[in-house]
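Remarks on the structure that follows.
The values are calculated or read from the model by the stated rules, or taken from the named source; none is laboratory data. Computed from a prediction, not measured in an experiment: that's the story for all the values here. All Cβ positions, glycine included, derive from the backbone under ideal geometry; neighbour counts span all protein chains shown. Protein only, heavy atoms only, side chains kept; ligands, DNA and RNA dropped before computing areas. Shrake-Rupley method; radii C 1.70, N 1.55, O 1.52, S 1.80 Å.
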Amino acid sequence: MTTPMPNYSKMELWAKDRATCDCAETAKEKRARYAASTTIDEIDNLISQNEVSLENFEVEDDQSRATMKMGCLKLLLLLFFALIHLAIPSAAQYCYDTGNYTSNSTYRANLNTLLSSMHSNTEIDYGFYNFSAGESPNKVNAIVLCRGDVSTDVCRACINESSSTLLKSCPNQKEAIIWAEKCVLRYSHRSIFNMLDTDPLLGYYNIGDVPDVEAFNKVLRPLLNSLRNRTASGNSTHKFALQSAPVPNFETIYALLECTPDLSRLDCNNCLSQVQVFIPRCCNGKQGGRFVTPSCDIRYEIYSFYDPAAEPPPSPLPPPPLVPSAASPPPELPTTTQGKETNSSRTVIIVVVTATAFAVLIFSISICIYLRARNPTKKAE
């Protein structure tokens, strides 16, 4: 079973309404509808939707009633934090309206066969599956992308659970997709292979705010830019990258980006760029978020949510510059490595060559003087 993402309370859905910005009702809008009433039943309803906060309630002027109410609030908030992990869905699904099928149809039989074959497949060990089953008009195409840091067993377990969940959530739709925490599963009656698709775009964000938005973004933006380039540069089996980076006087940002490997480098980069542009529009200053499309997704947090062993080692820092000092003793001669000659090593080579040439010159002059001194003696004899 996948693990819920902690502290998430809102999901923005930008699908077909994205062009007109006619977004689905947000958590804030729902809270506004409930603001006029504070009955226990309505508060329980808000808790079950993970949308309760202190701003939903107002302390009445009467002191005794206010005291009783605050006591109730403390109890409700305690229950809220205890139930928050259970109230948040561990996956998001989207059911397309491009066509339907019946439960006893050929399409459903082909879909069941396809999902079962992907779950039981032992030949693919890199976490990307793109298979088809049946013939048109009942042909089913399916894609599964497991997160790049999970094992094969975890991947297959995620496929199995996501298949069951998606069939229940979208029982008659010919096209559907589910974004679980550790895998994405999608099927359709139309062609979906080797194609860039950024609709729908779903975004979750962490309800916590960062104390310094500017400092946070100065680390987040270049981190996502770097990971986007690394992800797009992947091969036909992996387009995936993750990395962490510390924020001064704050936490560390952990980020993970991925594309379906059947995309070209350009399409992967374009997909991630579209998602990245969306982030500040919905979630600027938030401590984390997950943003998904059928072809790519981005996630960042201030806590580690991936396998630390999958993170590449940090790049070595450049050596500090040498500051010459008249009072300091001469530095030791550095050793040189092939292909990496430093200025110091070139200076040493020049000094050695000059001294050697001078010694050879003195030796040659001495020989010439000696020979010229010998020749007159031989003639005298």
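General observations
- Matching residues in the range 226-252 - criterion: being assigned to a strand (DSSP E or B) and within 11 Å of the chain's Cα centre (by Cα): Phe240, Ala241, Leu242, Gln243, Ser244
- Close Cβ contacts (under 8 Å, 6 or more residues apart or on different chains) running from residues in the range 183-202 that are touching a residue at least 60 places away in the same chain (Cβ under 8 Å) to residues that are open to solvent by 50 Å² or more (accessible area, probe 1.4 Å) and among the hydrophobic types (A, V, I, L, M, F, W, C) comprise Pro200/Leu13; Leu202/Met11; Leu202/Leu13.
- Residue in the range 271-284 that is part of a strand (DSSP E or B), touching a helix residue (DSSP H, G or I) at 6+ places or on another chain (Cβ under 9 Å) and β-branched (Val, Ile, Thr) present: no
- Filter result for Asp153 (of a type in the set (D, E, K, R), touching a residue at least 60 places away in the same chain (Cβ under 8 Å) and out of contact with any His (no Cβ under 6 Å at 6 or more places or on another chain)): no
- Of all residues making up the range 131-143, the number that are touching a residue at least 24 places away in the same chain (Cβ under 8 Å) and out of contact with any Ser or Thr (no Cβ under 8 Å at 6 or more places or on another chain): 1
- The set of residues in the range 270-308 that are farther than 18 Å from Leu220 by Cβ, open to solvent by 40 Å² or more (accessible area, probe 1.4 Å) and at pLDDT 95 or above contains only Asn270.
- Pair list, Cβ under 8 Å, 6 or more apart: the range 116-130 residue among the acidic types (Asp, Glu) and in a loop (DSSP other than H, G, I, E, B), other residue open to solvent by 30 Å² or more (accessible area, probe 1.4 Å) and at pLDDT 85 or above: Asp125/Thr152
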